[in-house]
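**Q** Have a look at this one before I ask anything.
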Amino acid sequence: MNFKDFVNIKDISFFGLRRSGNHAIQNWIIRQNNSSFVHLNDVKLYSNKNPYKSFSKATISGINPLVYHKNIIKYKRYLRYLNNPKYEYKYGRNVLELDRERLRYYRTKSLIMHTYEHYSLSQVMGDWFENQRDKFLGKSKERFDILLLRDPFNLFASLIHRGEELNNTNYIIEKWLEHAREYYGITNYLKYRISINYNQWFINQDYRNKIAKSLNLAFTDAGINSVVNVGKGSSFDGTSYDGKASKMPVLYRYKDYLNHPVMLKVLSNEELMDFSHKIFGSIL
């Protein structure tokens, strides 16, 4: 098949709970791709299940703005594109200047990435989506469903620090368990699943190399030290570690929260503790 038979070369859907390092790894994948991309971030499925219509923020790079930008500013953007084709343009969900249909069917995009945070996997993926995936996103040469999992102790430490979901701890524990079951292969919601262990991704270059190969990307490790200014960056450090992200103490956040009531609930869940040990080894 010719590349012109496809709208996208790679179609990557990305799933992870909040504060799991989603944006760091998404940015890293985009940098390994090193070509044109559309990133539909934090897709909301409540009103419209089409990712092009329900993203929170879209980032576009390597595509002529004359294709997708509607108003007269597109000519100014076109001149910038000629000078720097990799310049990244960002659009909010309700922006009127983005021609979503022309962008959707523009060929050929090197990468389309659509990301889903904090959802139950059973809500997000299913036959209803698979049956409409080409309609929603255009035909793709390669498809991948990435599942990101962070160890529960540092995940909940970040949630506690940010003051998120503290009144609904059991619900978040069950979401983590659902993701862990999928990671471990007990369930199979994601048809083209590639599971990523955040802890290993953070510390192990060989592990990152294997992920790049599994996505058919040339490994450069570009972006490994970036802190993306999305979601306010790190729960603890914001974007202050940008350029030196690998030095953040992200594997030790839990130490200051071991006696917090939320963390005590986490530690008392036997199934969670068992999965954590199987997937991440000894942490505490």
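**Q** Could you please find all residues in segment 119-133 being assigned to a helix (DSSP H, G or I) and either closer than 29 Å to Arg208 by Cβ or within 20 Å of the chain's Cα centre (by Cα) (or both)?
**A** Within segment 119-133, Leu121, Ser122, Gln123, Val124, Phe129, Glu130, Arg133 qualify.
**Q** Here's something else I'd like to know. Pick from segment 109-118 the residues that are crowded, with 21+ Cβ neighbours inside 10 Å and farther than 17 Å from Phe6 by Cβ: which of them is nearest to the chain's Cα centre (by Cα)?
**A** Among them, the one singled out is Thr115.
**Q** Okay, moving on. Spot the failing condition for Gly243; the list is (1) over 21 Å from Arg18 (Cα atoms); (2) modelled with pLDDT under 95; (3) in contact with a strand residue (DSSP E or B) (Cβ under 7 Å, 6 or more places away or on another chain), and only one is missed.
**A** (3)
**Q** Against the condition touching a helix residue (DSSP H, G or I) at 6+ places or on another chain (Cβ under 6 Å) and polar (S, T, N, Q), how does Asn50 come out, does it pass?
**A** Considered against the rule, which asks whether it is touching a helix residue (DSSP H, G or I) at 6+ places or on another chain (Cβ under 6 Å) and polar (S, T, N, Q), Asn50 comes out as yes.
**Q** Tally the residues that are surrounded by fewer than 18 Cβ atoms within 10 Å (Cβ to Cβ) and over 24 Å from Arg208 (Cα atoms), restricting the search to segment 137-174.
**A** 11
The values are calculated or read from the model by the stated rules, or taken from the named source; none is laboratory data. Computed from a prediction, not measured in an experiment: that's the story for all the values here. Positions of Cβ are backbone-derived with ideal geometry, glycine not excepted, and every protein chain shown enters the neighbour counts.
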